[in-house]
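The next block holds one structure in the form of structure tokens; read it before the comments.
The values are calculated or read from the model by the stated rules, or taken from the named source; none is laboratory data. On a predicted model such as this, the values are computed, not experimentally measured, just so you know. Backbone-built Cβ (ideal geometry, glycine too); neighbour counts: all protein chains shown.
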Amino acid sequence: KDDRYFTDTFQAMPKNGYTEMFKKMLSHKNISIMLQTDYKDIVDVIPFKTLIYTGPIDSYFDYCYGKLPYRSIDFKFETLNQENYQATGTVNYPTSNLYTRITEFKFLTGQKNEKTTIVYEYPTAEGDPYYPIPRKQNQEIYNQYKRLSEDHPDVFFTGRLGTYKYYNMDQVVAQSLALFKKLKSREEYVQ
């Protein structure tokens, strides 16, 4: 019956949404955006002293210890000719349906409209990697990649995919800020 998205005491969305937050962060003169570009296709083209890698750690190392499994999501969007579909932003359905949750965005963003858009989330083993699968054998594979990463002191693996760990958005932001602080304190840091 708790209508909050998380159980944290304080919850918020970026004032102008995540899109604007990321636009502002990525507008720095030292940042180039290359969409639809695989890291492997450009690694030898762009020189770097320090690399922050947020992709799958197993991919970085060409799956030499095997592929880490992830749960993905198949999103099915639906726009309805009604003001609201459900009583809260997200309703979870852990066992009763083929989908795991329905999210109605206007509850999260405060939008007012006579129509509403919802998304059904269907779990799948195929597709983009979203959720690491926390099993002992998967952790053992990740630990091999983690040890291998120690041979690359100028490559920093971060985020869900780089550390094979589930993080909420606030945790990823905190992790990123901590990494930035660590890199900024290094002598060879270049602006």
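Counting only helices (runs of 4 or more DSSP H) that fall entirely inside the stretch 86-163 and contain at least 1 residues that are over 18 Å from PRO56 (Cβ atoms), the qualifying elements are 105-109, 136-149. Just to be sure, is ASN168 among the polar types (S, T, N, Q), over 19 Å from PHE61 (Cα atoms) and exposed (fewer than 13 other Cβ atoms within 10 Å of the Cβ)? Here the answer is yes, as ASN168 does meet what is asked.
One residue alone among PHE48, PHE61, PHE77 is modelled with pLDDT under 95 and not charged (D, E, K, R), and that residue is PHE48. Entry remark, the stretch 60-115: residues being of a type in the set (A, V, I, L, M, F, W, C), surrounded by 12 or more Cβ atoms within 10 Å (Cβ to Cβ), more than 19 Å from the chain's Cα centre (by Cα) and farther than 30 Å from LYS15 by Cβ number 1 in total. Taking every residue in the stretch 159-186 that is under 15 Å from ARG71 (Cα atoms) and modelled with pLDDT of 90 or more and pairing it with any residue that is in a helix (DSSP H, G or I) and among the aromatic types (Phe, Trp, Tyr), at least 6 positions away or on another chain, the pairs with Cβ-Cβ distances below 6 Å are TYR164/TYR142.
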